[in-house]
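Written below as structure tokens is the structure these notes are about.
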Amino acid sequence: MTSTNMEFELFRDFLEKACGIVLGANKQYLVASRLNKLMEQQGIRSLGELVQKIQVRSQLREQVVDAMTTNETLWFRDTYPFEVLKNRILAEMIKASPGQRLRIWSAACSSGQEPYSLSMTIDEFEKTNLGQLKAGVQIVATDLSGSMLNAAKAGEYDSLAIGRGLSQERLQRYFDAKGPGRWAVKPAIKGRVEFRALNLLESYATLGKFDLIFCRNVLIYFSAEVKRDILLRMHAQLKPGGYLFLGASEALNGLPEHYQMVQCNPGIIYKAK
Ligand SMILES: C[S@@+](CC[C@H](N)C(=O)[O-])C[C@H]1O[C@@H](n2cnc3c(N)ncnc32)[C@H](O)[C@@H]1O
């Protein structure tokens, strides 16, 4: 792929407006490595030509954004969020709203490992706290990437993906073998999760209110202003006293009027004020 600095700047602008992702000034190689195949398939020879084409071709625009997102994920990522949920937060939520269905939002769910890990955590809680979650739990899982959402909805994984963070015990309990090296999430775990396409830059109004929001390992790609705007709008989607979970290496940096930091040892979560 050939590209001038000017073309790269135009592409950076497009990407930030489309999905919030901010590319560093010297990330031409990243753009090339992620878009070369698509551009070759489409017969597009330069980044400038691509920027022109995506103005008028919405499907190509979606494919480009999809290719530029980082979809790295694993089961029970960082461990503590799921332990804290099972050992502390679920009981607190049930006590605060007895008899009500709990709602959890996995706000950048990638290929589904996060929402399905949440669903397995709910199942583990139910097994040791019989009858306490009678009204059930709904997990709404959203992502911008169509290809990731399709993979997540299918709920089938190869051994490489399964090997990342899933214990043998959970694999046996929550998955059905689908052939050599392929596993499918069991219907009972899948049934709790509803997948929807959502760009975090757009409105959350149709999602309703949540008891918990998991927004992990996605805000790191955005500018400070976009991150702040998203965190404020997520606060508006949280029920009072609900919790926000960020990635282990992420922090809120501000917004003390909206969120209270809660130390979990290990890990930090944020309670909506
Ligand atoms: C690194 S993955 C994180 C997955 C999971 N939350 C975890 O922590 O393992 C980041 C995800 O954010 C999604 N993403 C990036 N920009 C987005 C946006 N503007 N709106 C919604 N999702 C976005 C990507 O498609 C990708 O699936």
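Every number in this text was worked out from the coordinates using simple rules, so none of it is lab data. The model shown is predicted, which means the values in this text are computed figures rather than measured ones. Positions of Cβ are backbone-derived with ideal geometry, glycine not excepted, and every protein chain shown enters the neighbour counts.
If the condition is being in a loop (DSSP other than H, G, I, E, B), of a type in the set (A, V, I, L, M) and within 22 Å of the chain's Cα centre (by Cα), then segment 123-177 contributes Leu144, Leu166.
Against the definition (touching a residue at least 40 places away in the same chain (Cβ under 8 Å), more than 15 Å from the ligand (Cβ to nearest atom) and loosely packed, with under 13 Cβ neighbours inside 10 Å), how does Gly208 come out, yes or no?
yes
Using the structure shown, decide if Val64 is within 16 Å of the ligand (Cβ to nearest atom) and either surrounded by 14 or more Cβ atoms within 10 Å (Cβ to Cβ) or not β-branched (Val, Ile, Thr) (or both). Yes, satisfied. Against the conditions (1) of a type outside the set (S, T, N, Q); (2) buried (at least 17 other Cβ atoms within 10 Å of the Cβ); (3) in a helix (DSSP H, G or I); (4) more than 16 Å from the ligand (Cβ to nearest atom), where does Ile44 fall short? Just the number, please. Ile44 satisfies all of (1) of a type outside the set (S, T, N, Q); (2) buried (at least 17 other Cβ atoms within 10 Å of the Cβ); (3) in a helix (DSSP H, G or I); (4) more than 16 Å from the ligand (Cβ to nearest atom) except (3). Touching a residue at least 60 places away in the same chain (Cβ under 8 Å), surrounded by 14 or more Cβ atoms within 10 Å (Cβ to Cβ) and more than 16 Å from the ligand (Cβ to nearest atom): does that describe Leu85? Considered against the rule, which asks whether it is touching a residue at least 60 places away in the same chain (Cβ under 8 Å), surrounded by 14 or more Cβ atoms within 10 Å (Cβ to Cβ) and more than 16 Å from the ligand (Cβ to nearest atom), Leu85 comes out as no.
Evaluate the following for Pro266: is it farther than 18 Å from Phe82 by Cβ and either away from the ligand (no atom under 12 Å from the Cβ) or surrounded by 17 or more Cβ atoms within 10 Å (Cβ to Cβ) (or both)? Judged against the criteria, Pro266 is not a match. Only a single criterion out of (1) more than 27 Å from Leu219 (Cβ to Cβ); (2) in contact with a Ser or Thr (Cβ under 7 Å, 6 or more places away or on another chain) is not satisfied by Glu124, namely (2).
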